[in-house]
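Everything on this sheet refers to the single structure shown next.
The values are calculated or read from the model by the stated rules, or taken from the named source; none is laboratory data. Fair warning: this is a prediction, and the values are worked out from it, not measured in the lab. We place every Cβ from the backbone using ideal geometry, glycine too, and count neighbours over all the protein chains shown.
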Amino acid sequence: MALTIKVLAQQCDAEIIGNDSDALIESASDIGSAQENQVTILNDLKFSKFLPDSKAGACFMNQEMARLDMPETMIVLVSKDPEISFIKAVKLLHPEKQYLPKVATQASVAETAMLAENVYLAEFSSIGEHSQIGADCEILGGVRIGDHVKIGANCRIYPNVVIYDHTQIGDNVIIHASSVIGADGFGYKQRNQKHIKVPHVGYVRIENNVEIGANTCIDRGTFGETVIGEGSKVDNLVQIGHNNIIGENVIICGQTGISGSCQIENNVILAGSAGLADHVKIGHHAVVMARSGIASDIEACTQVFGSPAKDKKVAWRELAALAKLPKLIKTIKQMESRLNKLEK
């Protein structure tokens with residue numbers, strides 16, 4: 001979709017610095033590759049090295065950045081929050097694909113299932129008994145929704161997602177391709193050298209405005225529920241075990257694994273490949289840094305690193321000390337050699 005710079009500025013809360021406000025912008029790109037028909041963003045001085053040679057037709061930035069030397073062909077769009085303005089521009093210039101309401105003839109809907117208004121149900125998807133789908137939902141190809149599932153309004157379920165029985169999903173939820181919601185947790189008891197499966201008869205509850213990445217698995221509760229709180233965002237390839245209670249606005253990055261019965265409080269960040277043992281509590285606004293292993297509770301508003309994880313400053317000092325270890329070993333060997341000569 002092409003828009004004039006004037007319209008783009010109005011829609012994205014920006015002020016134009018430059019003359020050609022009627023020039024057309026067709027798409028968005030990064031500052032290193034943007035062309036004359038594209039808009040870009042400069043939100044960090046480290047990227048200003050691309051500015052002199054940039055061919056971008058327009059660029060979002062704050063008032064301070066606008067004092068830099070600009071290419072003559074670039075229109076500057078000054079914004080109080082350039083990142084949000086740029087996000088708005090991207091959405092305008094690259095609108096999401098919309099699906100007109102329909103139920104495909106190749107889809108399967110149980111007689112007892114209920115579909116609200118304006119639902120799109122693609123080919124080879126199926127909805128089980130007594131399930132409810134809210135208004136304006138989009139369910140793409142190959143999705144399997146089990147029995148007694150409840151999905152709120154304006155949700156998008158991408159292809160090949162599997163949603164097990166009794167799952168509850170709120171409004172404005174996005175679930176990306178091939179994720180599995182509500183499978184059994186990984187629970188066994190060992191008797192006589194055999195693994196006896198523990199039945200999982202609970203369910204998963206996903207609250208409003210949650211987004212779940214591709215190939216992510218969220219297990220049902222053994223009894224009761226596994227909860228993903230409102231506004232939380234879960235990346236691709238994440239494993240969330242049974243009976244976890246995840247708070248609001250939590251960020252869980254890719255390849256993180258969370259064992260069963262953990263409590264993740266509001267606004268926590270779990271960086272990539274973090275691993276949590278079972279029954280641990282992560283306090284609100286805590287940050288678990290990448291590849292950290294959590295075996296005990298983490299206090300609120302702290303940042304931890306390492307395996308086992310500890311305060312990041314302590315962990316970094318230990319890593320710095322480890323880096324000096326080869327030199328220290330060499331020094332000790334030299335001292336031992338000198339001492340042996342003195343003793344002789």
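Looking across E72, E36, E83, one residue alone is of a type in the set (D, E) and in a helix (DSSP H, G or I). It is E83. The residues in the range 2-23 that are in contact (Cβ under 8 Å) with a residue 24 or more places away in the chain and in a strand (DSSP E or B) can be counted, and the count is 4. Show the residue pairs that are 6+ apart or on different chains and have beta-carbon atoms under 8 Å apart, the first residue being within the range 178-200 and on the phi < 0 side of the Ramachandran plot and β-branched (V, I, T), the second being at pLDDT 95 or above and surrounded by fewer than 16 Cβ atoms within 10 Å (Cβ to Cβ). Once the first residue is on the phi < 0 side of the Ramachandran plot and β-branched (V, I, T) and sits in the range 178-200, its partners that are at pLDDT 95 or above and surrounded by fewer than 16 Cβ atoms within 10 Å (Cβ to Cβ) give I196/Y188; I196/K189; I196/Q190; V198/Y188; V198/K189.
Residues in the range 273-289 that are in contact (Cβ under 8 Å) with a residue 24 or more places away in the chain and either in a loop (DSSP other than H, G, I, E, B) or not assigned by TED's automatic domain parsing to the domain that holds G247 (or both) were compared, and the one that is surrounded by the most Cβ atoms within 10 Å (Cβ to Cβ) is H284. Scanning the range 205-248 for residues that are buried (at least 24 other Cβ atoms within 10 Å of the Cβ) and in a strand (DSSP E or B) returns I206, I212, I218, D219, T226, I228, V234, I240, I246. The number of residues in the range 41-89 that are of a type in the set (S, T, N, Q), closer than 19 Å to N19 by Cα and touching a residue at least 60 places away in the same chain (Cβ under 8 Å) comes to 1. Figure legend. Inter-residue proximity from the range 107-118: first residues closer than 13 Å to G152 by Cβ, second residues assigned to a loop (DSSP other than H, G, I, E, B), beta-carbon distance below 7 Å, spacing 6+ or different chains. Indicated pairs: A116/G134; A116/A135. Looking across the range 42-70, the residues that are over 16 Å from L8 (Cβ atoms), of a type outside the set (A, V, I, L, M, F, W, C) and surrounded by 14 or more Cβ atoms within 10 Å (Cβ to Cβ) come down to N43, S48, S54, K55, N62.
Pairs linking a residue in the range 328-344 that is touching a residue at least 40 places away in the same chain (Cβ under 8 Å) to a residue that is surrounded by 10 or more Cβ atoms within 10 Å (Cβ to Cβ) and hydrophobic (A, V, I, L, M, F, W, C), with Cβ atoms under 9 Å and 6 or more positions apart or on different chains, do not occur. For beta carbons closer than 7 Å, sequence separation of 6+ or different chains, a first residue in the range 155-175 that is in the same structural domain as I212 (by TED's automatic domain parsing) and more than 16 Å from V204 (Cα to Cα) and a second that is modelled with pLDDT under 95 and among the hydrophobic types (A, V, I, L, M, F, W, C), there are no qualifying pairs.
Each residue in the range 290-311 was checked for being surrounded by 18 or more Cβ atoms within 10 Å (Cβ to Cβ), part of a loop (DSSP other than H, G, I, E, B) and either under 19 Å from the mean Cα position of the chain (by Cα) or of a type in the set (V, I, T) (or both), and 1 pass.
Rundown of residues vs (1) polar (S, T, N, Q); (2) over 30 Å from V39 (Cβ atoms); (3) in contact with a Gly (Cβ under 9 Å, 6 or more places away or on another chain); (4) assigned by TED's automatic domain parsing to the domain that holds I169, yes/no style:
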{"site": "S79", "(1), (2), (3), (4)": "yes, no, no, no"}
{"site": "V119", "(1), (2), (3), (4)": "no, yes, yes, yes"}
{"site": "I127", "(1), (2), (3), (4)": "no, yes, yes, yes"}
{"site": "D136", "(1), (2), (3), (4)": "no, no, no, yes"}
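Restricting attention to the range 16-28, the residues that are within 30 Å of the chain's Cα centre (by Cα), small (G, A, S) and buried (at least 16 other Cβ atoms within 10 Å of the Cβ) total 1.
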